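Structure, as structure tokens:
The values are calculated or read from the model by the stated rules, or taken from the named source; none is laboratory data. None of these values were measured; they are calculated from a predicted model. Cβ atoms come from the backbone with ideal geometry, glycine included; neighbour counts cover every protein chain shown. When the accessible area is computed, the model is the full protein with side chains, heavy atoms only, and any ligands, DNA or RNA have been set aside. Shrake-Rupley method; radii C 1.70, N 1.55, O 1.52, S 1.80 Å.
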Amino acid sequence: MASRRSITFILLMVVVGLNLRPAMSSVAPLLTRLQESAGLSATAAGLLTTLPVLFLGLSAPLAPTLARRIGSERALSAALILLAAGLILRGLPLPGVLFVGSAMAGCAIGIGGTLLPALVKRELPASADLLTGLYTMALCLGGALGAGFSVPLTQLLGSWQASLMSWALLAMFALVLWHFQMPRSRLSNTPNPPKSGLLRLLKQPLTWHVMLFMGIQSSMAYIVFGWLPTLLVARGYNEADAGWTMAVSIMCQLASALGAPWLARLGRDQRPALLLVLFSTAAGLWMLLIAPLIWKWPGAALLGIGQGGSFSLALSLLVLRTANSRLAGQLSGLVQGGGYTLAALGPFGVGVMLQSGANTSHIAWLLIALLTVCCGFALLAGRNQRLDDQSGGLLVERITRSY
């Protein structure tokens with residue numbers, strides 16, 4: 001029977017998770033409108049979609065240090081405050097604030113997204129991988145809400161600025177709930193836990209395998225968040241249909257985000273599940289950007305299933321590849337920091353390609369090629385290995401089961 005503390009934490013995790021994607025997905029359906037009304041070039045629009053991801057990656061490694069100094073709970077509260085401030089700022093009628101607010105939101109998402117996997121490992125270690133799937137489902141739902149309601153909110157509120165600012169209300173709601181109901185950390189019986197050190201983690205090939213898998217699959221996700229509606233408009237969709245196509249794709253991520261960790265438990269390791277979701281992502285991109293338009297809905301579904309599953313499994317690897325919550329937090333900071341910094345190149349690169357005259361087919365084939373490379377890192381990261389520091393040093397041990 002789940003305790004009241006566990007149930008409260010799960011609900012809070014879902015509410016916080018809902019806030020970690022609308023800041024990015026709400027911009028994509030409005031990108032064409034922003035280019036027209038704000039005079040943004042394709043490169044500048046690519047920069048706008050890149051900034052949150054870039055600052056997400058730059059801020060993620062700071063989260064473990066921040067958690068050590070003020071506690072994980074207060075650090076997450078600070079991240080929600082920063083997120084709300086960034087969302088409000090980017091809609092103000094001041095020069096440059098659209099970019100500054102987007103960068104602030106990215107920092108907040110990087111800190112919050114890094115802290116939550118470690119908190120999951122601390123609060124419910126036996127079910128950390130499955131709860132990571134639930135958390136990922138909340139992320140996907142938040143992304144779908146941002147994509148689906150961005151244009152309707154613009155029409156309802158009268159401007160794209162008000163539409164972008166309105167997502168601060170969800171962040172403030174999460175902040176109030178988290179502040180008054182957040183779990184308090186249990187005191188450890190170990191006064192001086194062993195220190196692994198970030199440099200020791202970086203010397204482990206396993207860290208890089210997980211990081212590069214995270215980076216490439218995240219790059220695909222943020223390209224979809226930032227550019228899929230624009231690419232679909234280039235194929236003949238109207239603005240609203242393109243936004244809802246992306247929303248449907250993100251909604252399809254909900255089931256795979258929750259189900260992928262269960263699927264991964266059926267095998268001896270996570271490699272078959274990782275390859276399956278990457279293949280689904282590639283097939284979805286091909287159907288949406290290359291195949292005839294009749295394949296729109298199957299393509300949206302396959303893309304969503306693949307991306308929801310790959311992101312859920314990437315976050316699950318952070319807890320499956322570490323022996324304790326402290327290492328999970330450190331690995332989370334490194335992997336998400338390096339991975340998202342790498343991922344930031346994706347949306348910017350698509351903007352540069354579009355400005356250079358590339359069509360949707362060229363972009364799609366490049367993305368499929370990157371997914372093929374990602375399969376190689378999936379085969380390495382999906383093996384049953386775990387980082388452990390109980391001996392006083394950091395080592396990688398093979399395990400018969402990772403859950």
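Look at where the Cα atoms of the range 8-79 and of the range 261-292 average out, and the two centres are 25 Å apart. Placing unit charges on the Cβ atoms only, positive for Lys and Arg and negative for Asp and Glu, gives the range 32-188 a dipole magnitude near 440 debye about its Cα centre.
Annotation: amide H-H contacts under 5 Å for THR322 (H modelled 1.01 Å from N, sequence separation of 5 or more, or interchain): LEU387. Of the residues LEU83, ALA44, LEU62, the one whose Cα sits farthest towards the positive end of the charge dipole of the range 26-174 is LEU62 (charges of +1 on Lys and Arg Cβ, -1 on Asp and Glu Cβ, taken about the Cα centre). Rolling a 1.4 Å probe across the protein heavy atoms gives the chain an accessible surface of 40 Å² per residue. Within the chain, the whole DSSP H helices whose Cα atoms reach 24 Å or more along their own axis and whose mean Kyte-Doolittle score is at least 1.0 are 42-59, 72-89, 97-123, 128-157, 205-234, 271-289, 296-320, 360-381. Mean residue ellipticity at 222 nm, helices only, the chain: -25000 deg cm²/dmol; runs of at least 4 DSSP H residues each add -39,500 (n - 2.57), and the sum is divided by the number of residues. Here's the picture: charge each Lys and Arg Cβ at +1 and each Asp and Glu Cβ at -1 in the chain, and of GLY148, ALA257, LEU354 the one pushed furthest to the positive end of that dipole is ALA257.
A simple charge model with +1 on the Cβ of Lys and Arg, -1 on the Cβ of Asp and Glu and nothing else charged puts the dipole of the chain at about 1180 debye relative to its Cα centre.
Order 110-116, 380-386 from most to least packed using the mean count of other Cβ atoms within 10 Å. Present the calculation step by step, with values, prior to reporting the outcome.
On the way: 110-116: 27.6, 380-386: 20.0.
Descending mean neighbour count gives 110-116, 380-386.
With every protein chain in place and a 1.4 angstrom probe, the accessible-area ranking of CYS252, CYS140, largest first, reads CYS252, CYS140.
Of the solvent-accessible surface of the range 8-70, computed with a 1.4 Å probe over protein heavy atoms with every protein chain present, carbon and sulfur atoms account for 67 percent.
Carbon-plus-sulfur accessible fraction, the range 312-374 (probe radius 1.4 Å, protein heavy atoms only): 71%.
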